[in-house]
Amino acid sequence: SENKQMNNQPTEKKKQNKLLYILLPIVILAVIAGIVLINLNGEKDPEEKQEEPPVKTEEEVKKEPEEEPQKRDILAELGIAVPEKNLDWAGLLAQNEDIYAWIYIPGTNIDYPVLQHKTDDVFYLDHNIDGSAGYPGCIYTEPSWNNRGFMDRNTVLYGHDLLDGTMFTQLHNFEDEAFFQANRYAFIYTPEEVYAYDLFAAYEFTDEHILYNYNLISDAGYQEYLDMVFATRDMGAHFRDEVQVGIQNKIITMSTCIAEKPNNRYLVQGVLINDPDIENSGTAGEAE
């Protein structure tokens with residue numbers, strides 16, 4: 001009996017081994033199939049709980065950069081088309097580093113670079129764009145009184161009245177009321193921005209230095225100056241009645257000589273329409 005059991009053990013072991021050989025490949029194939037299915041599917045269990053984004057602290061929110069508000073296009077809203085100027089600023093600066101802007105008045109031939117010497121207020125009164133002495137000079141501003149950003153309350157630009165009609169000679173066209181009413185805008189171009197001005201006044205004035213003789217720093221002084229400007233209405237000046245100018249506004253004054261009156265100047269003034277410092281900038285007048 002014991003011998004019989006011993007004889008049966010190898011047979012049973014063989015059966016077990018045979019079963020193992022059959023099952024092992026099946027298990028391996030099942031494992032491989034499962035891995036392949038997981039890789040192909042790649043989807044999360046729909047019932048799997050999605051992780052909530054981390055809640056930011058108040059300090060983290062404060063540190064985040066704020067989105068810049070979209071800049072209003074005041075000129076487009078008013079229907080004022082800015083004339084295209086393909087200005088080569090790199091070329092202009094290579095020609096003369098004192099060039100910092102360009103002025104253009106539609107309806108006239110005033111279409112020139114604007115210069116400012118680093119130290120000498122009147123250098124470009126009798127020096128040309130290439131630095132040579134003599135006429136016609138240049139359109140210029142004074143470094144002692146105006147910066148180059150056109151953000152002063154009154155930026156005064158000077159230019160000669162010449163026999164050949166160049167520089168600021170055609171400012172005298174604004175002596176005609178009809179011309180003044182028909183040509184209301186001036187544009188100043190800089191590498192960063194284009195500034196549009198509504199030409200609100202044109203009149204004869206003395207040769208006194210405006211920025212020296214009038215206190216435009218204080219609100220009271222600037223208001224006093226504006227009141228004086230509008231008082232010239234009674235002396236034959238031309239004004240655009242619908243345009244309001246107050247102490248919050250910035251203006252330009254374009255000044256040129258009067259040949260037959262050497263002690264007087266002819267001034268044309270414009271108020272900045274698209275003022276970046278005024279939220280609701282613009283003028284009362286409609287574009288023509």
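The values are calculated or read from the model by the stated rules, or taken from the named source; none is laboratory data. Only a predicted model underlies this, so the values are computations on that prediction, with no experimental measurement involved. As a convention, Cβ positions derive from the backbone with ideal geometry for all residues, glycine included, and neighbour counts pool all protein chains shown. The protein model used for the area step is the full one, side chains on, heavy atoms only, and it has no ligands, DNA or RNA in it. Shrake-Rupley method; radii C 1.70, N 1.55, O 1.52, S 1.80 Å.
Key figures for this structure:
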item	result
Three-way shape label, region 67-136, alpha-carbon gyration tensor, a/c 1.5	prolate
Rounded, prolate or oblate (a/c below 1.5 giving rounded, otherwise prolate when a/b exceeds b/c) for region 101-185 by Cα gyration tensor	oblate
5 angstrom amide H check on G159, placed H, neighbours 5+ away	S255
Residues whose placed amide H lies under 5 Å from that of K250, excluding near-sequence neighbours	L272
Solvent exposure, largest accessible area first (probe 1.4 Å, DNA, RNA and ligands not counted), of M235, M167	M235, M167
Sites E242 and D277 - FRET efficiency at Förster radius 22 Å, r taken between beta-carbons, to 0.05	0.50
Cβ crowding within 10 Å averaged over residues, with 171-184, 136-149 ranked highest first	136-149, 171-184
